[in-house]
Amino acid sequence: MVRTLEIIGEYWTMLVLREAFYGVQRFEEMRFHLGVARNILTDRLSRLVEHGLMERVPYREVGQRTRMEYKLTRKGAALFPTLIAMSQWAERHLPNPKGRPLELRHRETGQLVRLEFVREDGMRLEGLRELEAVYWPDREPRSGVAGKG
């Protein structure tokens, strides 16, 4: 977790990733949506590219100079569940008085989608009391796991 936070644990970085997950790829569009200073956005995008979470892809509109779009890589897209988990936590514990800003729905059925813990056999878990943290290489359970007991 610490290694992940070293890369994405900054306020603007998380918001840049959120915009990328929403499909925003161009610098000025991202800057408009976020209301972020140009130098901060440049820094955060460069850092995400440096760590392989996004890639710069050239594009050119007719009559304009070549510019860069910022597209999520597979590595970056793999963080999507993390941001959704944070959003779902906020909806439950810090509700927005204006209502939900985002709902995830299944494209075909329109049903709401949420993240859950699921065992490898498909059984859904109800909470932390069913989990234990196991560290490698000795595989000993860590004492004091939240929710135990």
Exercise. Just one of the numbered conditions (1) buried (at least 16 other Cβ atoms within 10 Å of the Cβ); (2) among the aromatic types (Phe, Trp, Tyr); (3) out of contact with any Leu (no Cβ under 8 Å at 6 or more places or on another chain) is not true of Tyr22; which one?
Worked result: (1)
Exercise. Before we move on, is Ile40 surrounded by 12 or more Cβ atoms within 10 Å (Cβ to Cβ) and within 21 Å of Phe80 (Cβ to Cβ)?
Worked result: no
Problem set entry | The one condition in (1) surrounded by 17 or more Cβ atoms within 10 Å (Cβ to Cβ); (2) not in a helix (DSSP H, G or I) that Leu45 fails to fulfil | (2)
For this session: Test Gly99 against the stated conditions and say whether it is open to solvent by less than 80 Å² (accessible area, probe 1.4 Å) and over 26 Å from Thr4 (Cβ atoms).
Result: yes
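So for segment 71-93 (the condition being more than 30 Å from Ala133 (Cβ to Cβ) and in a loop (DSSP other than H, G, I, E, B)), does at least one residue qualify?
Of segment 71-93, the ones more than 30 Å from Ala133 (Cβ to Cβ) are 71.
Within this subset, residues satisfying the condition of being in a loop (DSSP other than H, G, I, E, B) are none.
The answer is no; no qualifying residue exists.
Out of all the residues in segment 48-67, which are in contact with a helix residue (DSSP H, G or I) (Cβ under 8 Å, 6 or more places away or on another chain), at pLDDT 95 or above and outside any loop (DSSP other than H, G, I, E, B)?
Initial filter on segment 48-67 (in contact with a helix residue (DSSP H, G or I) (Cβ under 8 Å, 6 or more places away or on another chain)): 48, 51-56, 67.
Next, only the ones that are at pLDDT 95 or above stay: 48, 51-56.
Listed by number, the residues that qualify are Leu48, Met54, Glu55, Arg56.
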Exercise. Is it fair to say Gly35 is open to solvent by 40 Å² or more (accessible area, probe 1.4 Å) and under 25 Å from Pro101 (Cβ atoms)?
Worked result: yes
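The values are calculated or read from the model by the stated rules, or taken from the named source; none is laboratory data. Bear in mind the structure is a predicted one, so any value in this text is a computation, not a measurement. Methodologically, a virtual Cβ is constructed for each residue, glycine included, from the backbone with ideal geometry; neighbour enumeration extends over all protein chains shown. Quick note on the areas: whole protein, heavy atoms, side chains included, nothing else; ligands and nucleic acids left out. Shrake-Rupley method; radii C 1.70, N 1.55, O 1.52, S 1.80 Å.
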